[in-house]
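Asks: Dropping the structure in here first, questions after.
The values are calculated or read from the model by the stated rules, or taken from the named source; none is laboratory data. Remember, it's a predicted structure, so these values are computed and weren't measured experimentally. Cβ sites come from the backbone with ideal geometry, for glycine too, and all protein chains shown count toward neighbours.
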Amino acid sequence: MRIRYLVLLAYILFLMLPLYWMVNMSLKTTAETLTTFSLVPKSLTFDNYRTIFSDPAWYSGYLNSIIYVSLNTVMSLLVALPAAYAFSRFRFLGDKHLFFWLLTNRMAPPAVFLLPFFQLYSSVGLFDTHIAVALAHMLFNVPLAVWILEGFMSGVPKEIDETAYLDGYSFPRFFLTIFLPLIRAGVGVTAFFCFMFSWVELLLARTLTSVNAKPIAAVMTRTVSASGLDWGVLTAAGVLTLIPGALVIWFVRNHIAKGFALGRV
Amino acid sequence: MDKPVNQKAWLLVLPVVATVAFSAVIPLMTVVNYSLQDIFDPQTRYFVGTEWFREVLNNPSIRAALGRQLLFSLIVLLIEIPLGIGIALTMPRRGPWVPVCLILLALPLLVPWNVVGTIWQIFARPDIGLLGRLVNGLGIPYNYTGNPLHAWLTVLVMDVWHWTSLVVLLCYAGLQAIPDAYYQAARIDGASRFAVFRHIELPRLKGVLLIAVLLRFMDSFMIYAEPFVLTGGGPGSSTTFLSQLLTTMAVGQFDLGPAAAFSLIYFLIILLFSYVFYTAMVRLGRAEG
Amino acid sequence: MEWMAWTLPTIVFFSGIGVLLLLMTIWQVVSPSVERKGFLPIPTTRGDRLFIGLLSAAYIHLAWLALTEAVSLWWAFALSVVWLLVLLRWG
């Protein structure tokens, strides 16, 4: 018994150490980072964070990311909800192939779509807009949302639908007033996953933007390639990217395991 | 399978089909078009047939990257799947510590992929990183920016750090779904811990493990941001994987034709693997009812 | 649509795929396919066999390009068609 928890503890320690190191560096001056090696900051400073909150080049990156991530989450959920219901309740012509085709888009490397996306969004004048990134991220988020929601919906007994229809509910009214509240945990988890996968993605977000919608991830990689790294500011920016994820995970903490199992347990 | 047949369901899936068609079918068609032409600008382009495909298939650096990629995905699966199962078994099944463990475990998954690279960059650097200092302090000369083997090990450890939690969470969800009655029956029979794992837990984990293998294989096969930030694909090209090579071709050098041919081959590989895994998953689901 | 850089061969190719899908849909409506076991290791429907056939056709073409030097690709195409028909009938 004891050994079992020691293993778990050691593993969690392994997960936390690199994160701690980043937090540690973000609270030091870059000079201290480069000259002395210390496990805790010798002279605690919040200057790095102050730089980020006062420089528009930095904080607009966060705003851009949050805008397209939110757009993406809402749009993905809106189109995925009815589709997931259809997959979980009915058989129809080509349903299995359609489902697999959706999944291939979750599996396909974004790099494959990079080139045509760049051309597509440039030609319709959406290049460097938030909506372009949100649409591009729907490529992998919509299939994922359908997949998770379908799992959650299949767990709801079909008798509920039948009773509602017998009671004279129309489909939209049934769906909004009875069905949605029943799977709200599933919707929450799905929203969390859409948020997360859009938040962590770098390749498409960076390629489809240049100035106006430039995400924080791209701001950070540009800093990396510049000579003379400002480790303090870079790590502070990294720490700040963890906060949205940590906040949303709190709301779905009781369903997170089931969500990662795509609602299929 | 007692789902009723209802063709009206197509109306419900129509929005999804429309969005995904816009962002998947049109781009894929475009890639096919590009792959057969030499393109200078939209007005100046020449049909070159399958020349780009031949070139890509015989390109030594693409072949090397493909080999590297397959090896990487294989090693990642071999480490992360058993480790994930193991860690999931050590988790408490209920109690106040469960949500704490879950959130701590899920934390690496929420880190933007390029920040994962940054975290490991500063953690492993021999001059300012804790890990780098520690390993060098033990008398092992370690420098991931100069030594290909060290770079590989760092990328692997980074991926284990980043993604094993996904396997843990999947397995944990699977374990939670096993009714207590099974364990009680095993206790009455006096089954050993290993027997419980082998005959009760493992069979019941098959479903989630397939999902885990599917997701881990696909995601490791498209790894981009983490090694890009950590090592930039180096030293040399020792940690350059497929996505990075393709990105360099597509938006670095703007070689539209070869990049498109490369994209299609990459996509076909993924399509084959996901079809095999998915078919296995569906059949398993059906066998269990 | 200019940016999509269409050419005649690709138009023919995608039209071919489109027609094929349309025909399979009509066939499915007229006489629904029943899952059966052929020489493939899994029981398949007609649609599954078409997909497997098309995917393997792509691989046949790639293998042809990788392994031969300037031998006409039509041979690979002929081979794929034969393989697709075999698959649909006995797969």
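Asks: Given (1) under 23 Å from residue B:50 (Cα atoms); (2) surrounded by fewer than 19 Cβ atoms within 10 Å (Cβ to Cβ); (3) facing another protein chain (nearest Cβ under 9 Å); (4) hydrophobic (A, V, I, L, M, F, W, C), identify the lone condition not met by residue B:282.
Replies: Result: residue B:282 fails condition (1) only.
Asks: Within the stretch A:1-38, work out how many residues are facing chain B (nearest Cβ under 8 Å) and either aromatic (Phe, Trp, Tyr) or part of a loop (DSSP other than H, G, I, E, B) (or both). Give the steps one after another, and end with the answer.
Replies: Filtering the stretch A:1-38 for residues facing chain B (nearest Cβ under 8 Å) gives A:4-5, A:7-8, A:11-12, A:14-19, A:21-22, A:25, A:33-34, A:37.
If we keep only those that are either aromatic (Phe, Trp, Tyr) or part of a loop (DSSP other than H, G, I, E, B) (or both) as well, we get A:5, A:11, A:14, A:21, A:37.
Of the residues in that region, 5 qualify.
Asks: A further question on this structure: Look through C:54, C:84, C:79 and report the one residue that is at pLDDT 90 or above and within 14 Å of chain A (Cβ to nearest Cβ). Before you say what the answer is, go through the steps one by one.
Replies: Values: C:84 fails: within 14 Å of chain A (Cβ to nearest Cβ); C:79 fails: within 14 Å of chain A (Cβ to nearest Cβ).
Just a single option satisfies the conditions, and that option is C:54.
Asks: If the requirement is being touching a strand residue (DSSP E or B) at 6+ places or on another chain (Cβ under 6 Å), surrounded by 13 or more Cβ atoms within 10 Å (Cβ to Cβ) and touching a residue at least 12 places away in the same chain (Cβ under 8 Å), which of these qualifies: B:39, B:62?
Replies: B:39 is the lone residue from the list that is touching a strand residue (DSSP E or B) at 6+ places or on another chain (Cβ under 6 Å), surrounded by 13 or more Cβ atoms within 10 Å (Cβ to Cβ) and touching a residue at least 12 places away in the same chain (Cβ under 8 Å).
Asks: Listed residues B:166, B:131, B:104; which is in contact (Cβ under 8 Å) with a residue 60 or more places away in the chain and among the aliphatic types (A, V, I, L, M)? Let's see the steps before the verdict.
Replies: Working: B:131 fails: in contact (Cβ under 8 Å) with a residue 60 or more places away in the chain; B:104 fails: in contact (Cβ under 8 Å) with a residue 60 or more places away in the chain.
Criteria check complete, one pass: B:166.
Asks: Moving on. Just for helices (runs of 4 or more DSSP H) wholly inside the stretch A:111-175: which have at least 1 residues that are in contact (Cβ under 8 Å) with a residue 60 or more places away in the chain and of a type in the set (Asp, Glu)?
Replies: Here the list reads A:130-154, A:158-166.
Asks: Sticking with this structure for a sec: Select, from B:168, B:160, the only residue that is crowded, with 24+ Cβ neighbours inside 10 Å and closer than 30 Å to residue B:111 by Cβ. Break it down into steps so the answer makes sense when it comes.
Replies: Details: B:160 fails: crowded, with 24+ Cβ neighbours inside 10 Å.
Sole residue among the options that is crowded, with 24+ Cβ neighbours inside 10 Å and closer than 30 Å to residue B:111 by Cβ: B:168.
Asks: Turning to a different aspect of this structure: In the stretch A:190-213, which residue that is within 13 Å of residue A:64 (Cα to Cα) and either assigned to a helix (DSSP H, G or I) or of a type in the set (S, T, N, Q) (or both) is nearest to the other protein chains (Cβ to nearest Cβ)?
Replies: A:199
Asks: What are the residue pairs meeting all of these: first residue in the stretch B:265-280, first residue in contact (Cβ under 8 Å) with a residue 40 or more places away in the chain and more than 13 Å from residue C:58 (Cβ to Cβ), second residue buried (at least 16 other Cβ atoms within 10 Å of the Cβ) and of a type in the set (Gly, Ala, Ser), Cβ atoms under 9 Å, and 6 or more apart or on different chains?
Replies: Final answer for the pair search is B:274/A:108.
Asks: Could you tell me whether any residue of the stretch B:135-146 is touching a residue at least 40 places away in the same chain (Cβ under 8 Å) and out of contact with any helix residue (DSSP H, G or I) (no Cβ under 9 Å at 6 or more places or on another chain)?
Replies: Applying the first criterion (touching a residue at least 40 places away in the same chain (Cβ under 8 Å)) to the stretch B:135-146 yields B:144-146.
Applying the additional criterion that residues be out of contact with any helix residue (DSSP H, G or I) (no Cβ under 9 Å at 6 or more places or on another chain) yields B:146.
Yes: the stretch B:135-146 contains one or more residues that are touching a residue at least 40 places away in the same chain (Cβ under 8 Å) and out of contact with any helix residue (DSSP H, G or I) (no Cβ under 9 Å at 6 or more places or on another chain).
Asks: Still on this model: If a residue must be within 14 Å of chain A (Cβ to nearest Cβ) and among the hydrophobic types (A, V, I, L, M, F, W, C), how many such residues does the stretch B:170-193 contain? Step through it out loud before you land on a result.
Replies: Here is the first cut: in the stretch B:170-193, the residues within 14 Å of chain A (Cβ to nearest Cβ) are B:170-179, B:193.
Right, trim to among the hydrophobic types (A, V, I, L, M, F, W, C) and you get B:170-171, B:173, B:175, B:177-178.
Count: 6.
Asks: Still on this structure, please answer the following. Scan (1) at the interface with chain B (Cβ under 10 Å from one of its Cβ atoms); (2) surrounded by fewer than 20 Cβ atoms within 10 Å (Cβ to Cβ); (3) at pLDDT below 80 for the single condition residue A:244 breaks and write down its number.
Replies: The single condition residue A:244 does not satisfy is (3).
Asks: Okay, next question. Out of A:157, A:244, A:143, report the one residue that is over 20 Å from residue B:113 (Cβ atoms), out of contact with any Asp or Glu (no Cβ under 8 Å at 6 or more places or on another chain) and in the same structural domain as residue A:84 (by TED's automatic domain parsing). Spell out how you get there, then give the answer.
Replies: Values: A:244 fails: over 20 Å from residue B:113 (Cβ atoms); A:143 fails: over 20 Å from residue B:113 (Cβ atoms).
None of the others qualify; the one that does is A:157.
Asks: For the stretch B:245-257, how many residues meet the condition of being part of a helix (DSSP H, G or I) and more than 8 Å from every other protein chain (Cβ to nearest Cβ)?
Replies: Of the stretch B:245-257, the ones part of a helix (DSSP H, G or I) are B:245-252, B:256-257.
Those still in the list that are more than 8 Å from every other protein chain (Cβ to nearest Cβ) too: B:245, B:248-249, B:252, B:257.
Residues in the stretch B:245-257 being part of a helix (DSSP H, G or I) and more than 8 Å from every other protein chain (Cβ to nearest Cβ): 5 in total.
Asks: Something else about it: Go through (1) over 28 Å from residue B:174 (Cβ atoms); (2) hydrophobic (A, V, I, L, M, F, W, C); (3) at the interface with chain A (Cβ under 10 Å from one of its Cβ atoms) for residue B:52 and report which single condition fails.
Replies: Every condition holds for residue B:52 apart from (3).
Asks: Of the residues C:80, C:33, which single one is closer than 25 Å to residue B:34 by Cα and either among the polar types (S, T, N, Q) or touching a Cys at 6+ places or on another chain (Cβ under 8 Å) (or both)?
Replies: It is C:80.
Asks: From (1) of a type in the set (Gly, Ala, Ser); (2) surrounded by fewer than 23 Cβ atoms within 10 Å (Cβ to Cβ); (3) at the interface with chain A (Cβ under 7 Å from one of its Cβ atoms), pick out the condition that doesn't hold for residue B:260.
Replies: (2)
Asks: Among the residues of the stretch A:176-198, what is the count of those that are surrounded by fewer than 20 Cβ atoms within 10 Å (Cβ to Cβ), among the polar types (S, T, N, Q) and in contact (Cβ under 8 Å) with a residue 40 or more places away in the chain?
Replies: Of the residues in that region, 0 qualify.
Asks: Can I ask one more? What are the residues in the stretch A:86-123 that are basic (Lys, Arg) and either at the interface with another protein chain (Cβ under 7 Å from one of its Cβ atoms) or touching a Pro at 6+ places or on another chain (Cβ under 6 Å) (or both), if any? Outline the logic, then answer.
Replies: Quick first cut of the stretch A:86-123, residues basic (Lys, Arg) only: A:89, A:91, A:96, A:106.
Residues satisfying the conditions are A:89, A:91, A:106.
Asks: Next up: From the residues in the stretch B:242-274 that are touching a helix residue (DSSP H, G or I) at 6+ places or on another chain (Cβ under 7 Å) and among the β-branched types (Val, Ile, Thr), which one is modelled with the highest pLDDT?
Replies: First, the residues of the stretch B:242-274 that are touching a helix residue (DSSP H, G or I) at 6+ places or on another chain (Cβ under 7 Å): B:242-247, B:249-251, B:255-268, B:270-274.
So of that shortlist, the ones also among the β-branched types (Val, Ile, Thr) come out as B:247, B:251, B:265, B:270.
On the way: B:247: 87, B:251: 78, B:265: 92, B:270: 89.
Among those that are touching a helix residue (DSSP H, G or I) at 6+ places or on another chain (Cβ under 7 Å) and among the β-branched types (Val, Ile, Thr), it is B:265.
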